[in-house]
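These notes concern the structure reproduced below.
Please treat every number below as a calculation from the coordinates, not as lab data. Predicted model, so just to flag it, every value in this text is computed and none were measured. Please note: Cβ atoms are built from the backbone with ideal geometry, for glycine as well, and neighbour counts cover all protein chains shown.
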């Protein structure tokens, strides 16, 4: 099979679902994106309009496809963690977590309580981070500029916490197979404690700005309706479903990483519009703050890595005194650890919905296959249904309420 | 769960995996959705077992909210299908979410889905040649291969 470079620099072909010429004389086809500020990434939507009403919408994705699933097959199991950061770059720790959990399932290793609690805390901080970016940009799209600055102010604090723990602000790779990348740094309790103590009052601030804001209410209430049955059938997950009255959260229904030990509520709204999704996410931020507070106060002592010398790198001191530690170190660094042959599916509740990793091992030190079931990909399938017969101006609010990340969609 | 299309079932790590007859996958899925209440299709993917035969496994992850249960269905497909790519029936008539999932599998593995409403590439450009996630597809693609290699 031959390929010339010119083939791929040609213009993007039109989406085949919609003909290039409108189907009826009074209709117009409008290209939204791929470079449109409110699509939050590189998404192209072909809209067919009649006046200002959207008759049909066809999303065209794949602009950010980087072949991550293929790349997984070239890397060792542990190196794969760095790829998971880059899938959904706003919820990187949720991706680290689900990948680690799925591989640990095959390895059948026990993760100590302290590592599990730290994982929960980091995943919840990541949820706050993601919801803050969502709220800031979503409000900015609808015209509330102040929100953007408020949200990014708090997001900066979270990124500083990430940097303190892992050395990285965004591509943290902090949750590793077998535990954590590093021991939680000295003094983290003060930093996280200070942030989480102030955070609920910050959410109050957001609510004060938006809840009684007539422009915000008019732009969000009754906008972006899609029925619960349609959403379930189309693969939509996460806060979208909870905004339509379905009480389903994977943290509660299939608890992982000791979530069952935390006391939190699953916020549910029944409006099924942009407003309800906004209410759900804001309450989720408060619940996440509760979880982080519990993790902070009840953080168990003990090791932060599993007792699995064939997976976890040994302590430097041990390497100098123990032969076995040196051998394990050599094996892990040069070859990578081997994972028993088998397959596993693990899902977690990410800020956007269900992330599921399906991994297949053939018993070697590299994954045979890693499939990511990402929430944005599933959610975006509901978009055409949601935009059908709505006004074009409302599409911006509806798009924002879905909270997709295109890196997550295209992988 | 008893259905004639289920060939064998196994349990591992608390997950149930069933091999199904690819010819009767639509019947089986309709039964699972309507009778067994697996109202969500969590995802469809495939595994390329090149060079062994049957080469492909199409993997369906089903989820029932009512029973809080997940199951995995797998169909074996031969890689030496005629005329060009192996084919299986589309389950879009059962779950509409299968639409994009199947397009992704088609795009990445070159597995055709009969009766799919719009089987075109979804992530790669529509004029792309080859199926990137097949094991015999080079990591750097065909584009950057140099004569000296």
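Just to verify a number: FRET efficiency for residue B:24 and residue B:140, C-beta to C-beta distance, R0 = 35 Å, to 0.05? Please report the intermediate quantities before stating the final value.
Values: r = 40 Å, r/R0 = 1.14.
Efficiency, from the Cβ-Cβ distance: 0.30.
A crude spin-label estimate for the pair residue A:79 and residue A:197, with each label 7 Å from Cα along the Cβ direction, gives 4.5 nm.
Each residue, residue A:26 and residue B:69, gets one label point 7 Å from its Cα in the Cβ direction; the gap between the two is 5.2 nm. Summary value for chain B: 18 percent relative contact order, contacts being C-alpha pairs under 8 angstrom separated by 6+ residues. Normalised by residue count, the range B:6-114 yields a Cα convex hull volume of 101 Å³ per residue.
Quote the relative contact order of the range A:322-368 in percent (integer), defining contacts as alpha-carbon pairs under 8 Å separated by 6+ residues. Display every interim value, and only then the final one.
Values: 58 pairs, mean separation 16.7, N = 47.
Relative contact order here is 36 percent.
Take chain A, connect every pair of alpha-carbon atoms lying under 10 Å apart with a spring to form a Gaussian network, then pick out the residue of A:139, A:393, A:113 with the largest mean-square fluctuation. Top of the fluctuation ranking is A:393.
With viscosity 1.567 mPa s and temperature 4 °C, the Kirkwood radius over alpha carbon pairs of the protein assembly as shown converts through Stokes-Einstein to a diffusion coefficient of 53 µm²/s.
Suppose only helical runs count, i.e. DSSP H with n ≥ 4. What mean residue ellipticity at 222 nm does that imply for chain B under -39500 (n - 2.57) per run, divided by all residues and rounded to the nearest 500 deg cm²/dmol? That calculation yields -4500 deg cm²/dmol at 222 nm. Arranged from fewest to most other beta-carbon atoms within 10 Å of their beta carbon, A:160, A:119 become A:160, A:119. For chain A, the longest principal axis of the Cα atoms and the long axis of helix A:323-334 meet at an angle of about 30 degrees.
Which distance in nm do the two modelled labels at residue A:313 and residue A:301 give, with both placed 7 Å along the Cα-to-Cβ direction? Going from the residue A:313 label point to the residue A:301 one covers 2.7 nm.
Here the Gaussian network model covers chain A, with springs between Cα atoms less than 10 Å apart; of A:213, A:379, A:272, A:213 fluctuates the most. For chain A, adding -39500 (n - 2.57) for each run of n ≥ 4 DSSP H residues and dividing by the number of residues yields -14500 deg cm²/dmol at 222 nm. If the viscosity is 1.306 mPa s and the temperature 10 °C, what Stokes-Einstein diffusion coefficient in µm²/s follows for the range A:68-375 when Rh is the Kirkwood radius over Cα pairs? Reported coefficient: 78 µm²/s.
Taking every alpha-carbon pair within the range A:176-218, the share separated by more than 11 Å comes to 75 percent.
Of A:229, A:110, A:183, the residue with the greatest mean-square motion in the GNM of chain A, using alpha carbon springs below 10 Å, is A:229.
How much length is gained if the chain between residue A:35 and residue A:392 is pulled fully straight, taking 0.36 nm per residue apart and subtracting their Cα-Cα distance, in nm to one decimal?
Numbers: separation 357, 0.36 × 357 = 128.52 nm, distance 1.72 nm.
Gain on stretching residue A:35 to residue A:392: 126.8 nm.
Among A:311, B:139, what is the fewest-to-most ranking by other Cβ atoms within 10 Å?
On the way: A:311 24, B:139 11.
The fewest-first ordering by Cβ neighbours comes to B:139, A:311.
Mind sorting A:169, B:55 by how few other Cβ atoms lie within 10 Å of their own Cβ, fewest first? Please report the intermediate quantities before stating the final value.
Values: A:169 13, B:55 23.
Ordered by Cβ neighbours within 10 Å, fewest first: A:169, B:55.
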